[in-house]
Amino acid sequence: MSNKTITFKILRQDGPNQPSYWETFVIPYLPNSNVISCLMDIQKNPINSEGKKVRPVVWECNCLEEVCGTCTMVINGKTRQSCSALIDKLMQPITLQPLSKFPVVRDLAVDRSRMFEALKRVKAWVPMDGYHDLGPGDKILPDHQGVAYKLSECMTCGCCVEACPQYSRDNNFLGAAAISQARLFNMHPTGKLIANERLDSLMDDGGIAACGNAQNCVEVCPKSIPLTESIAEMGRQSSKRFWKTLFQI
Amino acid sequence: MNSHFFARRVHSLTGIIPVGLFLVYHLYTQLYLHQGAEKYNEHTNAFYDSPLAIWLLIIFVYIPLFYHSILGAKLSIEATPQPSYHYFSHLLYWLQRISGIGVLLFIFAHLYNTKVMPLMTDTYGQHFEHLAEGFASAETGWLTKSVYLLGILGATFHFANGINTFCMTWGLALTPRAQLRVRVLSIIVFVLLTAVALYSMSAIW
């Protein structure tokens, strides 16, 4: 065992709407650890750098393999999943902050309801009106499948909106993830039945027109989803609808 | 579609048509600076002598420019800084906003220099002389030159980068490859327009 240590600076908050404060923790170094394993170590022995026993740090995690998106936080200033943030690849002291675009529940746990509300707004589902046998579905060609599969990897983690300068606590922008999901379901053979309803949501307040083209979303997406391509594609679909409705009224 | 969407699409459109096209035309006419005072004034006054000139300016320049500036300034103020994300497109995003506000301020100075001041001194029509005197002034020449240089650079950048975001907004360039092509195009436009503008300015530098 080496006597190396890992230093964390964590932005903590005791509850919703409470003031936040920084707290430092120094824990023994273990090889191949990630941010979550270190948070677990802090949880077992919650003593801060001043030797004071404090309330254990709260965070959320689930899959531990970067597919659920739950453990997203701001690590050393950048938004990412803490499960795939390996200590050996991080500069110390490691700073941990909750996502800044969502209300903090406690410490590093945030309430990302707004993202799920955005998915509801764009109707990111395939409409079904019953459980009866609808027969075989449409054939899906491999090139379509390739695009759709990539889009379906979105885990609503919040990285895209966290890095977005257009997405803020006091506006109602849908964000890149929801726009990309609207694209996914608009290309689905059954999902496209309500394509125009999705476009109407995208063309509403805080919809696709609120995008400012900073393109941070595509840079920080942990799943490398072509978000700017999705935004451009939905921009094209809404442009078509824009001209159509303009000359129908 | 609602007013939020409509307002922003009109904002995007007015930036290229007609304001962007006006910029290109305006930079083209400044090439007359190289043909001397007489030719330059003759050409410029020929436009203003037309009874339609004022209406053309109001409909195709002042109103769209006013709309584009007001909404653009509002959107710029509402943006949330994300200082820890150092990506090229993100840099362009902020430069677009800073240059937009900078160019708006420049336009006020420019209008004062070429319209308000000549009208007040009753020397309107001597366009070449006003520009050349402003540039040659011993006390404030350096300031005028710097302001024009920054204003022109800001305008050509804002327009060139605007072509890029326009193609993204309207869905003209979809794939990352297509977006790269548009970016290359916008760089060419930026370099060409800036070169033309600097060449024109060299006549009275």
Can you tell me the dipole magnitude for segment A:5-110 around its Cα centre, using point charges on the Cβ only (Lys, Arg +1; Asp, Glu -1), in Debye to the nearest 20?
200
Say the dipole of the protein assembly as shown comes from +1 at the beta carbon of Lys and Arg and -1 at that of Asp and Glu; which of B:Ala132, A:Val67, B:Leu193 then lies farthest toward its positive end?
A:Val67
Anyone know which of B:Phe106, B:Phe66, B:Phe128 comes out most mobile in the 10 Å Cα GNM of chain B?
B:Phe66
Take every DSSP beta bridge whose two residues both sit in the protein assembly as shown, then give the antiparallel share in percent to the nearest 5.
85
Kirkwood hydrodynamic radius over Cα pairs of segment B:1-107, then Stokes diffusion coefficient at 4 °C and 1.567 mPa s, in µm²/s
80
For segment B:3-202, with +1 on Lys and Arg beta carbons and -1 on Asp and Glu, the positive-most of B:Leu153, B:Ala79, B:Ser50 along the dipole
B:Ala79
Relative packing of B:135-145, B:192-202, which averages over residues the other C-beta atoms within 10 Å, highest first
B:192-202, B:135-145
Going by Cβ distance under 4.7 Å, what cysteines of the protein assembly as shown have no possible disulfide partner?
A:Cys38, A:Cys83, A:Cys154, A:Cys157, A:Cys159, A:Cys164, A:Cys211, A:Cys221, B:Cys167
Peptide B:165-177, shielding by other chains (average Cβ, 10 Å cutoff)
6
Under the definition of partner shielding as Cβ atoms of other protein chains within 10 Å of a residue Cβ, what is the mean value for peptide A:162-172?
4
How long are the three semi-axes of the equivalent ellipsoid of the protein assembly as shown, in whole Å, if each is the root of 5 times an eigenvalue of the C-alpha gyration tensor, listed from largest down?
50, 31, 18
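Using alpha-carbon pairs under 8 Å, 6+ residues apart, how would you state the relative contact order of chain A in percent? Walk me through the numbers on the way to the answer.
Working: 397 pairs, mean separation 41.2, N = 249.
Result for chain A is 17 percent.
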From Cα pairs below 8 angstrom and at least 6 apart in sequence, can you work out the relative contact order of segment A:5-110, rounded to a whole percent?
33
How do the peptides A:25-31, B:67-73, B:57-63, A:68-74 rank, highest first, by the average count of neighbouring beta carbon atoms within 10 Å per residue?
A:68-74, B:67-73, A:25-31, B:57-63
Please give the contour-minus-distance gain from B:Thr29 to B:Trp142: 0.36 nm per residue of separation, less the Cα-Cα distance, rounded to one decimal in nm.
38.3 nm
Within a 10 angstrom radius of each residue's Cβ in B:2-9, how many Cβ atoms of other chains show up on average? Whole number is fine.
6
Using helices alone, I'd like the mean residue ellipticity at 222 nm for the protein assembly as shown: each DSSP H run of four-plus residues gives -39500 (n - 2.57), total over residue count, nearest 500.
-16000 deg cm²/dmol
Quick one: which of A:Lys9/A:Lys53; A:Lys78/A:Lys101; A:Lys120/A:Lys223; A:Lys120/A:Lys192; A:Lys9/A:Lys89 span more than 18 angstrom between C-alpha atoms?
A:Lys120/A:Lys223
With the Cα gyration tensor of chain B in hand, convert its eigenvalues to equivalent ellipsoid semi-axes via √(5λ) and list them largest first in whole Å.
32, 19, 17
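Please report the relative contact order for chain B, taking Cα pairs under 8 Å with a sequence separation of at least 6, and give it as a percent rounded to a whole number. Mind showing how you got there, number by number?
On the way: 150 pairs, mean separation 64.5, N = 205.
The normalised contact order for chain B reaches 31 percent.
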Solution diffusion estimate, µm²/s, Stokes-Einstein, segment A:5-110, Kirkwood Rh from C-alpha pairs, 4 °C, viscosity 1.567 mPa s:
95
Answer in debye to the nearest 20: the dipole magnitude of the protein assembly as shown about its Cα centre, from +1 Lys/Arg and -1 Asp/Glu charges placed on Cβ, is 880
Under Karplus coefficients 6.51, -1.76 and 1.60, residue-wise ³J(HN,Hα) of segment A:5-14 in Hz, glycine/proline x:
10, 10, 10, 10, 10, 10, 7, 10, 8, 6
Can you find, among A:Ser201, B:Val19, A:Ser37, the residue sitting farthest towards the positive end of the charge dipole of the protein assembly as shown, where Lys and Arg contribute +1 and Asp and Glu -1 at Cβ?
A:Ser37
Using each residue's phi in segment A:108-120, evaluate 6.51 cos²θ - 1.76 cosθ + 1.60 at θ = phi - 60° and report the 3J(HN,Hα) Karplus result to the nearest Hz, with x for Gly and Pro.
9, 8, 10, 9, 9, 3, 4, 5, 6, 4, 5, 5, 5
For segment A:113-248, taking Cα atoms only, what is the radius of gyration to one decimal and the Dmax to the nearest whole Å?
15.0, 46
Magnitude of the Cβ-charge dipole (Lys and Arg +1, Asp and Glu -1) of chain A about the Cα centre, nearest 20 debye, reported as 300
Return the Cα extents of chain A along principal axes one, two and three, sorted largest first, each rounded to a whole Å.
70, 38, 33
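Read-outs: derived from the displayed coordinates by stated rules, not from any lab. In this text the structure is predicted, and so the values were computed from the model without any measurement. Reconstructed Cβ throughout: ideal geometry from the backbone, glycine too, with neighbour counts over all protein chains shown.
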